[in-house]
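Colleague: To start, I am sharing the structure in question, which I have written as structure tokens.
The values are calculated or read from the model by the stated rules, or taken from the named source; none is laboratory data. This is a predicted model, so every value here is computed, not measured. Every residue, glycine as well, gets a Cβ built from its backbone with ideal geometry; the counts of neighbours run over all protein chains shown. SASA here: full protein model, heavy atoms, side chains in, ligands and nucleic acids out. Shrake-Rupley method; radii C 1.70, N 1.55, O 1.52, S 1.80 Å.
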Amino acid sequence: MSEAAVKIAIRGLSKSFGANHVLTELDLDIRDGESLVIIGASGTGKSVLLKNIVGILTPDSGSIKIAGEEVVGVTGNSRDRINRKLGMLFQGAALFDSLPLWENAAFGLMSSHRMGRDEARKKAIDFLKQVGLSEADANRYPSDISAGAQKRVGLARAIATEPEILFFDEPTTGIDPVMGDIIDSLIVSCVRNLGATALTITHDMESARRIGDRVAMIYEGKIVWVGDVAEIDDSGNAFIHQFIHGSVEGPMASLIAANASV
Amino acid sequence: MGLLAAIGRVFISFLAATGRLAVFAGISVSHIVRPPFYPRLLLRQIIEIGYYSLPVVGLTAVFTGMVLALQSYTGFARFNAESAVATVVVLSITRELAPVLAGLMVAGRIGAAMAAEIGTMRVTEQIDALSTLSTNPYKYLVAPRLLAGFVMLPCCVLVADIIGVFGGYLISVHKLGFNPSVYIKNTWQFLEVMDVLSGLVKAAVFGFLIALMGCYHGYYSKGGAQGVGSATTNAVVSASILILAFNYLITEAFFAQ
């Protein structure tokens with residue numbers, strides 16, 4: 001694959017917490033304009049990988065290039081400049097409790113894009129409408145709305161700055177299947193409308209099939225399979241087979257036993 | 001050997017925590033003076049720390065002044081030195097009691113609230129969200145609180161000075177039978193600018209420490225609701241101890257002969 005076609009290039013990424021080696025020499029390419037979904041069991045390093053890419057965690061070693069620019073070790077204003085290209089929907093939405101919904105959605109516009117409050121509010125309301133909320137909801141607070149609605153606001157916040165790359169951390173976790181379907185559809189349409197590159201972390205296979213162009217499977221801190229969504233059922237990979245069939249028997253048996261004992 | 005190792009571990013962990021706190025304080029202070037600034041957030045903290053703390057600080061001060069008048073009168077009556085009551089009340093209030101008691105009360109109210117709010121933001125990934133939105137959490141969350149604490153606690157203490165002295169006046173005049181004009185004259189006679197100033201300097205330091213402890217423990221909280229609860233407790237306890245320790249150091253600096 002040519003370097004120009006790769007939006008995010010990860011090489012030899014390692015991250016440990018004490019004696020717990022979460023990521024070990026992980027390599028992954030995310031192509032420009034694609035929607036890549038990373039699947040894997042709990043505790044395999046999915047969220048840690050995502051947090052390393054967006055700069056919340058710093059890797060122990062390895063390289064992460066976003067649009068050709070090395071981001072490991074970059075801090076301060078330089079990191080802020082890189083982060084302006086990114087948007088992220090957190091697992092629990094991570095909305096700011098003290099701010100009304102419109103201000104949550106407009107946060108990036110006002111803080112990093114220096115937009116005035118009135119203009120940011122108008123734009124935020126447009127984005128809230130895009131994700132299925134009304135103008136009347138704009139002045140409500142996160143504690144006043146359901147988990148599904150919070151995810152919608154989180155999505156509006158992620159896309160409001162029209163980023164080049166979108167990250168979705170477990171977008172359907174904690175919400176009912178119908179709302180999960182709606183959120184997935186919103187994600188697909190938002191990514192398409194923005195022409196953005198998307199990276200989604202999930203263990204929900206239905207969601208992965210709906211959102212992704214390609215799927216990567218992570219196990220014990222390494223990518224063990226990458227392929228198109230259409231190939232997933234006939235991958236011939238034992239990890240993928242065990243994961244999509246939810247089987248106890250298979251190469252991930254030790255991890256399942258470890259998770260069960262916690 | 002096991003005991004020595006345990007003491008060593010505790011000592012190293014204490015040094016690590018002190019270093020981490022110093023780095024946290026240094027980074028936070030540097031963000032107070034560097035743009036961008038968040039005047040809206042600063043105003044909110046000024047109101048929260050200053051305005052909303054006034055009732056509790058005022059009540060503490062008035063009762064402290066009243067008790068001080070009663071106790072000092074009881075003591076001084078044994079030496080026929082009742083006329084010193086007004087001076088003792090005003091010096092005790094301005095130099096020590098108003099800043100220390102106001103600091104402790106605000107530590108319980110504001111330090112706990114800051115730790116709980118920032119701790120909740122930490123465990124619900126709101127602080128991570130700030131970073132991904134190109135907003136520095138030190139600048140957005142910590143700097144306005146430190147600045148507001150530093151500025152507003154002296155304002156509260158100035159009010160507490162007035163209310164505390166007034167509490168002493170009320171008891172002295174209406175219960176102990178002092179002449180009002182003589183009491184006021186005695187209050188002013190031995191009061192120096194340095195007495196009030198030292199109290200205000202203490203208050204500024206205490207306000208900074210309260211906000212620092214609240215933000216620090218909240219920022220590094222982990223482990224869900226239990227972690228936030230621990231952060232809240234630690235913020236109040238550490239702020240209270242630091243207030244008492246720094247009270248001695250500042251008193252030493254101002255009044256040591």
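Colleague: Which chymotrypsin sites (Phe, Trp or Tyr not before Pro) from region B:200-234 combine a DSSP loop assignment with at most 12 other Cβ atoms within 10 Å?
Modeller: Sparse-neighbourhood loop chymotrypsin sites (Phe, Trp or Tyr not before Pro): none present.
Colleague: Helix hunt in chain B: which complete DSSP H runs extend at least 30 Å axially by C-alpha with mean Kyte-Doolittle at least 1.0?
Modeller: B:2-33, B:54-77, B:143-174, B:193-219, B:224-255
Colleague: On to the next question. Please state the relative contact order of chain B as a whole percent: Cα pairs under 8 Å, 6+ residues apart?
Modeller: Contact order relative to length: 31 percent.
Colleague: Hey, if you put +1 on the Cβ of every Lys and Arg and -1 on every Asp and Glu Cβ in chain B, which of B:Thr233, B:Gly218, B:Met121 ends up farthest toward the positive end of that dipole?
Modeller: It is B:Met121.
Colleague: Same structure again: Using modelled amide H (1.01 Å from N, peptide plane; none on Pro or chain starts), what sits under 5 Å from the amide H of A:Ile223, excluding residues fewer than 5 places away?
Modeller: A:Asp27
Colleague: Continuing with this model, one more query. How large is the Kirkwood hydrodynamic radius of region B:2-255, counting all unique pairs of alpha carbons, in Å?
Modeller: 19.7
Colleague: While we're on this one: At a Förster distance of 22 Å, what's the computed FRET efficiency of B:Ile162 paired with B:Tyr52, Cβ-Cβ distance as r, to 0.05?
Modeller: Efficiency computed from Cβ-Cβ geometry: 0.75.
Colleague: Do any trypsin sites (Lys or Arg not before Pro) in region B:1-94 lie in a loop, going by DSSP, with at most 10 other beta-carbon atoms within 10 Å of their beta carbon, and if so which?
Modeller: Taking region B:1-94 and a limit of 10 other Cβ atoms within 10 Å, the loop trypsin sites (Lys or Arg not before Pro) found are B:Arg78.
Colleague: For B:132-142, what's the mean count of beta carbons from other chains sitting within 10 Å of each residue's beta carbon?
Modeller: 6
Colleague: Here's a follow-up. What is the diffusion coefficient of region A:132-262 in µm²/s, taking the Kirkwood radius over Cα pairs and the Stokes-Einstein relation at 37 °C with a viscosity of 0.692 mPa s?
Modeller: The Stokes-Einstein estimate is 198 µm²/s.
Colleague: Please check which bits of region A:148-172 a label hung off A:His113 would reach, taking the label as a point 7 Å along Cα-to-C-beta and the cut-off as backbone N under 16 Å.
Modeller: A:154-167
Colleague: May I pose another question? Quick one: Karplus J couplings for region A:87-93, per residue in order, coefficients 6.51, -1.76, 1.60, θ = phi - 60°, nearest Hz, x for Gly and Pro?
Modeller: x, 9, 9, 7, 4, x, 6
Colleague: Chains B and A: buried accessible surface, both sides, probe 1.4 Å, rounded to 100 Å²?
Modeller: Chains B and A together bury roughly 1700 Å² of accessible area.
Colleague: For a quick check of your reading of the filter: which trypsin sites (Lys or Arg not before Pro) in region B:156-257 sit in a DSSP loop and have no more than 11 other Cβ atoms within 10 Å?
Modeller: Filter output for region B:156-257: empty list.
Colleague: Something else: What is chain A's relative contact order, in percent, from Cα pairs under 8 angstrom and six or more apart in sequence?
Modeller: 24
Colleague: Using a Gaussian network model of chain B with C-alpha springs under 10 Å, which one of B:Met121, B:Met105, B:Met194 is most mobile by mean-square fluctuation?
Modeller: Of the options given, B:Met194 has the highest mean-square fluctuation.
Colleague: Ok, one more. I'd like the Karplus ³J(HN,Hα) series for region A:23-31: coefficients 6.51, -1.76, 1.60, θ = phi - 60°, whole numbers in Hz, and an x wherever there's a Gly or Pro.
Modeller: Result, ordered by residue: 10, 10, 6, 7, 10, 6, 10, 10, 6 Hz.
Colleague: Using θ = phi - 60° and the Karplus relation 6.51 cos²θ - 1.76 cosθ + 1.60, list the HN-Hα couplings for region A:157-162 in order, rounded to whole Hz, with x at every Gly or Pro.
Modeller: 5, 5, 9, 4, 8, 6
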